[in-house]
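Below is one structure; the comments refer to it alone.
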Amino acid sequence: YVDGSGLSNYSFPDDFIFGVATAAFQIEGAWNIGNKGESMWDTYLHKHPNFTVDGSNGDVATDSYHKYKTDINCVKSLGLKYYRMSISWPRILPQGTDNVINKDGVRYYRTLFKELLKENITPVVTLFHWDLPTPLMDLGGWSNPKIIDYFEDYAKVAFTLFGDIIKLWSTMNEPHQHCSNGYGGDNFVPAMMSGGVGEYLCAHYMLLAHARAYHLYDKSFRPHQKGKIGITLDAFYAEPKDPTKQSDRDAAERYLQMHLGIFAHPIYSSMGDYPPLVRERINNISLSQGFTRSRLPYFTSSEIDLLRGSSDFFGLNHYTTYLMSDMPMLQGWRVPSWDHDTGVLLEQNPLWPKPGADWLAVYPAGFRKVLNWITRNYGTRIPIIVTENGVSDFGGLNDYARVSYYNNYLYQMLLAMYEDGCNIQGYFAWTLMDDFEWKDGYTVKFGLFHVDFNSTERTRIPKLSAFNYAEIVRRRRINFKYIEQIPKAH
Ligand code: GBH
């Protein structure tokens, strides 16, 4: 699939969107600077300093609040025309609600956006990448339906203040990870531990809040601002552990429906609403557990209509694949829980490399397969934009594993585009630079740029993977031999 010089046979279209992604809490720091309000991650990590594996927090992070110009230069040096980032809700609305708008926060983002545009880089902005204002978390966060109104108000403020500049919006990042880890379990803040109940409330109200923000934009802002708005969903791919076993094949499909379909079906299917498999399964298990009603809330028919078609693109975050087998009664699972409802055992092939975080095994073919699963289920009318893809390691400038990951995952994406007919219009690498990786603190590294966290300057240095990505973006092809041609970093 490559010619003698190492170039991929397929090339990316000239108008293909290449970018790199970050998220506010993971880079900004300046947690109490410029009249910013607290996010639940600030509050929680200050109260529970041992929540992260290294006892760290996001108080300074990569200090991008002060070093945003350096970030822009990094993006520019990669030859990218797009930069995906998020707005910190409490930096704009310190109380969470729109009665108080923080001028310093508004100025920060407007300056940043304008500086990006000056360099011909289009900002792609996520409204919610997990840093909920603490006052709203105190009301139950996404488990309180009132949040739908408050999210819509926040979205309105953002569209009003920035919509002249921002033409590509994502309402929220990975509602599945956010709700299951944060509301169902305690991997993420707010560590609510409301398995099978709170985590579904979170999912339900995030979906409705997304739809409200979409329609607000569509009706009141799109006519003059002329932008696009969608949502970002996360998906591991799921393969049957033993493909000859029907029960393992069912487990894999069930996993994808329970974790991706649960969000994608209401938005992207022609039918709307939760997938039938998900609805039936959670209803049945709830009843068998003695609940009077299903733990998965119902949409009204007007809510189903509101959600159906409420996205201009399919934002996909993909990192890895798991092997599935049927395991309905696994010992040690919390009951009830989203995981228990799913009823599958997750494993990974020990032959797949794991250069960093334990959950992230490298299996490039899974990327092509998940892109096909999405296309099969929801068609080609709505374009897919890969809003995150990347791999972690434990640091170092000569990041061969990351170079290889990007080359091979991007090649699988080309196959999905050219051989399978998937409608893929963009790709964002995760992430620009080493950052605060939630519970993992600063122990795992995802950056194209190394960041020196021992220096107050938070110096950024390009890794091999940065040069390699820039080469792909410039040539519109993957150059599998490029890495042999450039000098090692020191
Ligand atoms: C994305 O989440 C996020 O959007 C981004 O902010 C993040 O930095 C990036 O990925 C890299 O992690 O310890 O086994 O319970 C990806 C989803 C959520 C997957 C946390 C791993 C913990 C797995 N990740 N999850 S485990």
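Brief remarks follow.
- Being within 26 Å of Ala357 (Cβ to Cβ), among the hydroxyl-bearing types (Ser, Thr, Tyr) and modelled with pLDDT of 95 or more is true of Tyr83.
- The stretch 185-207, subset closer than 15 Å to Glu174 by Cβ and within 16 Å of the ligand (Cβ to nearest atom), residue surrounded by the fewest Cβ atoms within 10 Å (Cβ to Cβ): Asn187
- Tyr322 vs. criteria more than 15 Å from the ligand (Cβ to nearest atom) and either touching a strand residue (DSSP E or B) at 6+ places or on another chain (Cβ under 6 Å) or farther than 30 Å from Tyr442 by Cα (or both): no
- Set side by side, the residues Leu345, Leu351, Leu371 differ, and just one is away from the ligand (no atom under 16 Å from the Cβ), in contact with a Leu (Cβ under 9 Å, 6 or more places away or on another chain) and either modelled with pLDDT under 95 or of a type outside the set (S, T, N, Q) (or both), which is Leu371.
Conditions tested, residue by residue: (1) touching a His at 6+ places or on another chain (Cβ under 7 Å); (2) at pLDDT 95 or above; (3) buried (at least 16 other Cβ atoms within 10 Å of the Cβ); (4) under 30 Å from Asn468 (Cβ atoms).
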site	(1), (2), (3), (4)
Gly37	no, yes, yes, no
Lys47	no, yes, no, no
Val60	no, yes, yes, yes
Asp63	no, yes, yes, yes
Gly79	no, yes, no, yes
Ser88	no, yes, yes, no
Ile92	no, yes, yes, no
Asn99	no, yes, no, no
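- Single unsatisfied condition, Asp358 versus (1) under 16 Å from Pro240 (Cα atoms); (2) within 16 Å of the ligand (Cβ to nearest atom); (3) of a type in the set (Asp, Glu): (1)
- Unmet requirement for Lys481, which otherwise passes all of (1) of a type in the set (Lys, Arg); (2) modelled with pLDDT of 95 or more; (3) on the phi < 0 side of the Ramachandran plot: (2)
- Selected residue (only one of Asp218, Asp186 is of a type outside the set (A, V, I, L, M), farther than 30 Å from Arg110 by Cβ and over 18 Å from the mean Cα position of the chain (by Cα)): Asp186
The values are calculated or read from the model by the stated rules, or taken from the named source; none is laboratory data. The shown structure was predicted, so the numbers you read here are calculated from the model rather than taken from an experiment. All Cβ positions, glycine included, derive from the backbone under ideal geometry; neighbour counts span all protein chains shown.
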